[in-house]
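All remarks here apply to the structure that follows.
The values are calculated or read from the model by the stated rules, or taken from the named source; none is laboratory data. The structure displayed is predicted, hence computed values, not measured ones. Because the Cβ atoms are built from the backbone with ideal geometry, glycine has one as well, and the counts that use them run over all protein chains shown.
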Amino acid sequence: MKQGGSDDAKRAAGESAAEAVEDGMVVGLGTGSTAAHAIRAIGAAVDAGLDVTGVPTSFQSRELAREAGIPLTDLDAAEIDLAIDGADQVAGGCLVKGGGAAHAREKIVDTAADRLLVVVDPTKEADVLDHPVPLELLPAARRPVAAAVERLGGEPELRRAERKDGPVVTDNGNLVFDCAFGAIADPAALAADLATIPGVVEHGLFVDVADEIHGGTADGVTVTE
Ligand code: 5RP
(Lines give C-alpha, C1' and ligand atoms only; values in the text may rest on other atoms or scores of the structure.)
Protein backbone atom coordinates (compact mmCIF):
# COMPACT_ATOMS: atom_id res chain seq x y z
CA MET A 1 0.00 0.00 0.00
CA LYS A 2 1.42 3.38 -1.03
CA GLN A 3 0.88 6.35 1.26
CA GLY A 4 1.82 9.94 1.79
CA GLY A 5 1.79 11.82 -1.51
CA SER A 6 3.42 15.22 -1.62
CA ASP A 7 1.45 18.22 -0.47
CA ASP A 8 2.26 20.04 -3.74
CA ALA A 9 0.59 17.22 -5.69
CA LYS A 10 -2.43 17.28 -3.38
CA ARG A 11 -2.70 21.05 -3.67
CA ALA A 12 -2.51 20.88 -7.47
CA ALA A 13 -5.34 18.31 -7.56
CA GLY A 14 -7.53 20.16 -5.06
CA GLU A 15 -7.11 23.55 -6.71
CA SER A 16 -7.75 22.06 -10.15
CA ALA A 17 -11.10 20.63 -9.05
CA ALA A 18 -12.03 23.86 -7.26
CA GLU A 19 -11.81 25.65 -10.62
CA ALA A 20 -14.97 23.75 -11.66
CA VAL A 21 -17.01 25.53 -8.98
CA GLU A 22 -19.32 28.15 -10.51
CA ASP A 23 -21.35 31.03 -9.13
CA GLY A 24 -24.55 29.87 -7.40
CA MET A 25 -23.45 26.28 -6.91
CA VAL A 26 -24.02 24.06 -3.88
CA VAL A 27 -20.81 22.06 -3.42
CA GLY A 28 -20.18 18.86 -1.46
CA LEU A 29 -17.01 19.30 0.57
CA GLY A 30 -14.94 16.13 0.94
CA THR A 31 -12.73 15.05 3.80
CA GLY A 32 -8.94 14.65 3.99
CA SER A 33 -5.78 16.54 3.19
CA THR A 34 -6.35 16.70 -0.58
CA ALA A 35 -9.99 17.82 -0.38
CA ALA A 36 -8.83 20.40 2.18
CA HIS A 37 -6.90 22.18 -0.58
CA ALA A 38 -10.10 22.38 -2.63
CA ILE A 39 -12.01 23.75 0.37
CA ARG A 40 -9.39 26.45 0.93
CA ALA A 41 -9.45 27.38 -2.77
CA ILE A 42 -13.27 27.59 -2.72
CA GLY A 43 -13.02 29.75 0.39
CA ALA A 44 -10.67 32.12 -1.44
CA ALA A 45 -13.17 32.31 -4.32
CA VAL A 46 -16.01 33.06 -1.88
CA ASP A 47 -13.83 35.77 -0.37
CA ALA A 48 -13.43 37.22 -3.87
CA GLY A 49 -17.23 37.34 -4.34
CA LEU A 50 -18.31 33.91 -5.67
CA ASP A 51 -21.73 32.82 -4.35
CA VAL A 52 -21.15 29.22 -3.20
CA THR A 53 -22.74 27.13 -0.45
CA GLY A 54 -21.07 24.02 0.94
CA VAL A 55 -22.35 20.70 2.28
CA PRO A 56 -19.62 19.20 4.50
CA THR A 57 -18.95 15.46 4.72
CA SER A 58 -17.43 15.45 8.21
CA PHE A 59 -16.76 17.49 11.32
CA GLN A 60 -13.29 18.15 9.88
CA SER A 61 -14.56 19.53 6.56
CA ARG A 62 -17.26 21.57 8.33
CA GLU A 63 -14.67 23.24 10.57
CA LEU A 64 -12.36 23.90 7.63
CA ALA A 65 -15.19 25.37 5.56
CA ARG A 66 -16.23 27.63 8.41
CA GLU A 67 -12.64 28.86 8.79
CA ALA A 68 -12.50 29.43 5.02
CA GLY A 69 -15.72 31.49 5.12
CA ILE A 70 -17.89 29.14 3.04
CA PRO A 71 -21.60 29.36 3.97
CA LEU A 72 -22.97 25.92 4.81
CA THR A 73 -26.19 24.03 4.28
CA ASP A 74 -27.34 20.40 4.39
CA LEU A 75 -29.21 17.84 2.33
CA ASP A 76 -32.54 18.77 3.94
CA ALA A 77 -32.27 22.22 2.44
CA ALA A 78 -30.33 21.93 -0.80
CA GLU A 79 -29.43 19.78 -3.79
CA ILE A 80 -25.74 19.39 -4.56
CA ASP A 81 -24.41 20.47 -7.95
CA LEU A 82 -20.85 19.29 -7.54
CA ALA A 83 -18.86 17.36 -4.93
CA ILE A 84 -15.08 17.35 -4.56
CA ASP A 85 -13.56 14.56 -2.52
CA GLY A 86 -10.32 12.65 -2.00
CA ALA A 87 -9.70 8.90 -2.09
CA ASP A 88 -7.33 6.36 -0.60
CA GLN A 89 -7.06 4.45 -3.88
CA VAL A 90 -8.43 4.83 -7.40
CA ALA A 91 -8.56 2.12 -10.09
CA GLY A 92 -10.71 1.88 -13.19
CA GLY A 93 -13.21 4.47 -12.00
CA CYS A 94 -13.71 2.77 -8.62
CA LEU A 95 -12.49 4.15 -5.32
CA VAL A 96 -11.59 3.04 -1.83
CA LYS A 97 -12.43 5.78 0.65
CA GLY A 98 -12.67 6.12 4.41
CA GLY A 99 -9.09 6.79 5.49
CA GLY A 100 -10.55 9.63 7.54
CA ALA A 101 -13.44 7.45 8.78
CA ALA A 102 -15.87 9.76 6.98
CA HIS A 103 -16.94 7.47 4.15
CA ALA A 104 -20.57 7.09 5.25
CA ARG A 105 -21.31 10.81 5.00
CA GLU A 106 -18.97 11.12 2.03
CA LYS A 107 -20.95 8.48 0.14
CA ILE A 108 -24.24 10.21 0.95
CA VAL A 109 -22.98 13.60 -0.25
CA ASP A 110 -20.87 12.35 -3.18
CA THR A 111 -23.65 10.21 -4.65
CA ALA A 112 -26.24 12.95 -4.13
CA ALA A 113 -24.16 15.38 -6.21
CA ASP A 114 -24.82 15.89 -9.91
CA ARG A 115 -21.06 15.50 -10.47
CA LEU A 116 -18.23 14.10 -8.35
CA LEU A 117 -14.66 15.22 -8.89
CA VAL A 118 -12.09 13.05 -7.12
CA VAL A 119 -8.77 14.62 -6.15
CA VAL A 120 -5.69 12.44 -5.70
CA ASP A 121 -1.91 12.44 -5.81
CA PRO A 122 -0.02 9.75 -7.78
CA THR A 123 0.37 7.42 -4.76
CA LYS A 124 -3.40 6.78 -4.87
CA GLU A 125 -3.56 5.53 -8.45
CA ALA A 126 -3.51 1.77 -9.07
CA ASP A 127 -4.38 -0.75 -11.79
CA VAL A 128 -6.46 -2.88 -9.41
CA LEU A 129 -7.89 -1.91 -6.01
CA ASP A 130 -6.02 -3.65 -3.21
CA HIS A 131 -6.28 -1.10 -0.39
CA PRO A 132 -8.05 -2.36 2.76
CA VAL A 133 -11.72 -1.43 2.62
CA PRO A 134 -12.98 0.59 5.61
CA LEU A 135 -16.31 -0.46 7.11
CA GLU A 136 -18.22 1.77 9.52
CA LEU A 137 -20.15 -0.50 11.86
CA LEU A 138 -22.42 -0.28 14.87
CA PRO A 139 -20.38 -1.02 18.03
CA ALA A 140 -22.86 -3.74 19.09
CA ALA A 141 -22.23 -5.62 15.82
CA ARG A 142 -18.44 -5.89 16.11
CA ARG A 143 -18.17 -9.69 16.39
CA PRO A 144 -20.80 -10.72 13.81
CA VAL A 145 -19.52 -8.15 11.31
CA ALA A 146 -15.96 -9.47 11.75
CA ALA A 147 -17.18 -13.02 11.16
CA ALA A 148 -19.11 -11.99 8.04
CA VAL A 149 -16.07 -10.18 6.60
CA GLU A 150 -13.95 -13.29 7.19
CA ARG A 151 -16.54 -15.43 5.37
CA LEU A 152 -16.09 -13.09 2.39
CA GLY A 153 -12.33 -13.70 2.48
CA GLY A 154 -11.37 -10.47 4.24
CA GLU A 155 -9.24 -9.76 7.29
CA PRO A 156 -10.95 -7.16 9.48
CA GLU A 157 -8.85 -4.99 11.78
CA LEU A 158 -10.36 -2.57 14.25
CA ARG A 159 -9.02 0.92 13.54
CA ARG A 160 -7.33 2.36 16.60
CA ALA A 161 -6.86 6.03 17.41
CA GLU A 162 -3.27 7.18 16.92
CA ARG A 163 -2.93 9.37 19.97
CA LYS A 164 -5.45 7.69 22.28
CA ASP A 165 -5.70 4.28 23.83
CA GLY A 166 -8.90 3.15 22.16
CA PRO A 167 -10.70 2.69 18.87
CA VAL A 168 -11.43 5.36 16.30
CA VAL A 169 -15.00 6.55 16.75
CA THR A 170 -16.66 8.08 13.70
CA ASP A 171 -18.63 11.34 13.61
CA ASN A 172 -21.70 9.07 13.83
CA GLY A 173 -20.50 7.32 17.01
CA ASN A 174 -19.54 4.05 15.31
CA LEU A 175 -16.43 1.87 14.91
CA VAL A 176 -14.29 1.24 11.83
CA PHE A 177 -12.85 -2.02 10.52
CA ASP A 178 -10.14 -1.87 7.87
CA CYS A 179 -10.70 -5.05 5.85
CA ALA A 180 -7.87 -6.45 3.71
CA PHE A 181 -9.15 -8.49 0.74
CA GLY A 182 -5.97 -8.48 -1.35
CA ALA A 183 -6.57 -7.55 -5.00
CA ILE A 184 -10.28 -6.80 -5.52
CA ALA A 185 -11.12 -8.29 -8.91
CA ASP A 186 -14.81 -7.33 -8.83
CA PRO A 187 -15.41 -4.19 -6.70
CA ALA A 188 -19.13 -4.09 -7.55
CA ALA A 189 -19.68 -7.66 -6.29
CA LEU A 190 -17.71 -7.04 -3.09
CA ALA A 191 -19.58 -3.76 -2.53
CA ALA A 192 -22.90 -5.59 -2.86
CA ASP A 193 -21.79 -8.31 -0.41
CA LEU A 194 -20.52 -5.81 2.19
CA ALA A 195 -23.71 -3.77 1.96
CA THR A 196 -25.81 -6.74 3.05
CA ILE A 197 -23.97 -7.41 6.36
CA PRO A 198 -26.26 -6.48 9.27
CA GLY A 199 -24.58 -3.85 11.44
CA VAL A 200 -22.49 -2.35 8.63
CA VAL A 201 -23.46 1.30 8.36
CA GLU A 202 -21.42 1.89 5.17
CA HIS A 203 -18.40 0.52 3.37
CA GLY A 204 -15.68 2.48 1.62
CA LEU A 205 -16.00 1.04 -1.89
CA PHE A 206 -17.31 3.70 -4.27
CA VAL A 207 -18.20 1.98 -7.55
CA ASP A 208 -18.64 4.03 -10.73
CA VAL A 209 -19.56 7.27 -8.98
CA ALA A 210 -16.64 9.49 -10.05
CA ASP A 211 -17.17 11.79 -13.04
CA GLU A 212 -13.61 13.11 -13.13
CA ILE A 213 -10.35 12.12 -11.45
CA HIS A 214 -8.01 15.10 -10.95
CA GLY A 215 -4.58 13.53 -10.52
CA GLY A 216 -2.14 16.12 -9.23
CA THR A 217 1.65 16.09 -9.41
CA ALA A 218 4.17 18.72 -8.46
CA ASP A 219 4.28 19.61 -12.20
CA GLY A 220 0.58 19.74 -13.06
CA VAL A 221 -2.74 17.93 -13.15
CA THR A 222 -4.17 15.20 -15.36
CA VAL A 223 -7.97 15.06 -15.55
CA THR A 224 -9.48 11.67 -16.43
CA GLU A 225 -13.21 11.32 -17.21
C1 5RP B 1 -11.81 10.30 4.31
C2 5RP B 1 -11.41 9.94 2.92
C3 5RP B 1 -10.30 10.77 2.32
O4 5RP B 1 -10.82 11.44 1.21
C5 5RP B 1 -9.18 9.86 1.95
O6 5RP B 1 -8.74 9.19 3.13
C7 5RP B 1 -8.01 10.62 1.31
O8 5RP B 1 -7.42 11.45 2.27
P9 5RP B 1 -6.10 12.30 1.93
O10 5RP B 1 -6.46 13.24 0.83
O11 5RP B 1 -5.75 12.98 3.22
O12 5RP B 1 -5.03 11.31 1.51
O13 5RP B 1 -11.93 9.06 2.30
O14 5RP B 1 -12.76 9.40 4.82
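Figure legend. Inter-residue proximity from the range 80-105: first residues within 21 Å of Glu15 (Cα to Cα) and among the β-branched types (Val, Ile, Thr), second residues within 6 Å of the ligand (Cβ to nearest atom) and assigned to a loop (DSSP other than H, G, I, E, B), beta-carbon distance below 9 Å, spacing 6+ or different chains. Indicated pairs: Ile84/Gly30. Whether a residue is closer than 27 Å to Asn174 by Cβ, near the ligand (Cβ under 9 Å from one of its atoms), modelled with pLDDT of 95 or more and surrounded by fewer than 24 Cβ atoms within 10 Å (Cβ to Cβ) was assessed, and Gln3 does not pass this test. Number of residues in the range 185-205 that are free of Cβ contacts under 8 Å to residues at least 60 places away in the same chain, assigned to a loop (DSSP other than H, G, I, E, B) and under 19 Å from Gly93 (Cα atoms): the value is 2.
Suppose we filter Ala210, Ala180, Ala191 for residues that are within 14 Å of the ligand (Cβ to nearest atom), among the small types (Gly, Ala, Ser) and touching a strand residue (DSSP E or B) at 6+ places or on another chain (Cβ under 6 Å); which single one remains? After ruling out the rest, the residue left standing is Ala210. When you check Ala65 against the structure, is it surrounded by 21 or more Cβ atoms within 10 Å (Cβ to Cβ), within 14 Å of the ligand (Cβ to nearest atom), on the phi < 0 side of the Ramachandran plot and in the same structural domain as Thr111 (by the TED database), yes or no? Answer is no for this residue.
Condition first: more than 21 Å from the chain's Cα centre (by Cα) and part of a strand (DSSP E or B). Now tell me which residues in the range 140-170 satisfy that. Selection gives Glu155 alone. Per the listing Gly100, Gly93, the residue uniquely modelled with pLDDT under 95, buried (at least 16 other Cβ atoms within 10 Å of the Cβ), away from the ligand (no atom under 15 Å from the Cβ) and not acidic (Asp, Glu) is Gly93. Out of (1) over 19 Å from Val221 (Cα atoms); (2) more than 11 Å from the ligand (Cβ to nearest atom); (3) in contact with a Gly (Cβ under 7 Å, 6 or more places away or on another chain), what's the single condition that is false for Ser58? The failed condition is (2). Within the range 103-130, the residues that satisfy the criterion of being of a type in the set (D, E, K, R), within 14 Å of the ligand (Cβ to nearest atom) and more than 20 Å from Asp186 (Cβ to Cβ) are Arg105, Glu106, Asp110, Asp121, Lys124. Being within 16 Å of the chain's Cα centre (by Cα) and surrounded by 19 or more Cβ atoms within 10 Å (Cβ to Cβ) is a property that Ser33 lacks.
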